[in-house]
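Structure record follows, encoded as structure tokens.
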Amino acid sequence: MKKKIVILSLLGLTITSNAYAIEPNKEIVEKAKVEDGNIDKATLVVSHAEKVSEMINEDFLPKVKENISKEKKEIENKKKAEDKKRKEAEEKKKKEEERKRNKVSKINKDHHHKETINGLQPHVEEARKILKEKFNVVIGGYREGDTDGMGTGHGDGLALDLMVPEDSELGDKISEYLINNFRELNISYIIWKQNFLSDFNSWYGPAWKWNPMSDRGGTTANHHDHVHISFKR
């Protein structure tokens with residue numbers, strides 16, 4: 001029965017052939033010669049046939065199987081160790097990112113949860129009074145250097161933050177009231193629950209629609225605990 005002989009590395013000996021299974025006699029020369037057309041390769045097989053035949057015996061095969069099993073187990077253990085190391089690194093990175101987000105969120109909350117009046121434009125101060133009386137929530141206003149890139153930010157005295165419980169019904173009511181009184185209050189845009197609404201087409205999307213915003217990394221930064229209002233000049 002034909003059997004392809006794979007490359008063997010035994011005691012430093014490497015044998016390759018497409019001949020019949022190794023036999024300790026010279027008939028293999030003719031068989032290999034017919035199949036391979038390579039007399040040198042066939043001669044090599046025959047010259048070492050007896051050595052290989054002696055090595056492949058009842059004592060040797062169990063050791064081969066044992067070594068294969070041992071190597072396989074070592075590979076599996078190495079893979080498990082690498083997977084564990086990778087997961088630990090990912091978990092560490094995740095915790096570090098979470099720590100940074102919480103730090104940013106805390107800084108934002110410290111700024112947003114302060115009632116600020118000074119520095120607001122007159123019509124924004126009037127709007128603040130109306131909203132304070134109607135909803136009785138903490139309202140953040142002027143913050144030096146805080147701009148929105150359009151000249152209607154907190155640093156311009158043209159923005160308010162109405163603090164509410166996270167994703168709350170109160171926040172929904174406030175945003176609904178603002179939409180219904182958009183022109184009366186001279187509003188430019190509103191941000192609530194990571195969505196942007198304006199009376200103009202913006203980079204977030206078309207006018208008069210809640211357009212989703214990208215993740216800024218925290219509850220406050222994503223406007224889940226306050227309704228942001230920017231006013232026109």
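The values are calculated or read from the model by the stated rules, or taken from the named source; none is laboratory data. Every value quoted in this text rests on a predicted model; they were computed, and no experiment measured them. Cβ sites come from the backbone with ideal geometry, for glycine too, and all protein chains shown count toward neighbours.
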Quiz item: Got at least one residue in segment 177-190 being at pLDDT 95 or above, touching a His at 6+ places or on another chain (Cβ under 8 Å) and under 11 Å from I229 (Cβ atoms)?
Solution: yes
Quiz prompt | Residues within segment 184-199 that are touching a residue at least 12 places away in the same chain (Cβ under 8 Å) and out of contact with any strand residue (DSSP E or B) (no Cβ under 8 Å at 6 or more places or on another chain), tallied | solution = 1
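For W210, state whether it is farther than 20 Å from R128 by Cβ and touching a Leu at 6+ places or on another chain (Cβ under 6 Å).
Values: farther than 20 Å from R128 by Cβ: yes; touching a Leu at 6+ places or on another chain (Cβ under 6 Å): yes.
Yes; evaluated as a whole, the condition is true for this residue.
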Quiz item: List the pairs whose first member sits in segment 208-233 and is buried (at least 21 other Cβ atoms within 10 Å of the Cβ), whose second member is hydroxyl-bearing (S, T, Y) and part of a loop (DSSP other than H, G, I, E, B), and whose Cβ atoms are under 6 Å apart, counting only residues at least 6 apart or on separate chains?
Solution: D225/T219; S230/T152
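Within segment 149-160, track down each residue that is part of a loop (DSSP other than H, G, I, E, B) and at pLDDT 90 or above.
Here is the first cut: in segment 149-160, the ones part of a loop (DSSP other than H, G, I, E, B) are 149-153, 157-158.
Within segment 149-160, M150, G151, T152, G153, G157, L158 meet the criteria.
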Practice problem: Name the single residue, out of those in segment 128-173 being among the small types (G, A, S) and in contact (Cβ under 8 Å) with a residue 24 or more places away in the chain, that is nearest to S230 (Cα to Cα). | Solution: A159
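State the number of residues belonging to segment 180-233 that are among the aliphatic types (A, V, I, L, M) and assigned to a strand (DSSP E or B). It would help to see each step written out before you state the result.
Residues of segment 180-233 that are among the aliphatic types (A, V, I, L, M), as a first pass: 185, 187, 190-191, 197, 207, 213, 221, 227, 229.
Still in the list and also assigned to a strand (DSSP E or B): 187, 190-191, 197, 227, 229.
Count: 6.
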Quiz item: Can you tell me how many residues in segment 162-177 are surrounded by fewer than 20 Cβ atoms within 10 Å (Cβ to Cβ) and part of a helix (DSSP H, G or I)?
Solution: 6
Exercise. Considering only segment 178-203, state which residues are polar (S, T, N, Q), surrounded by fewer than 14 Cβ atoms within 10 Å (Cβ to Cβ) and more than 35 Å from the chain's Cα centre (by Cα).
Key: N180
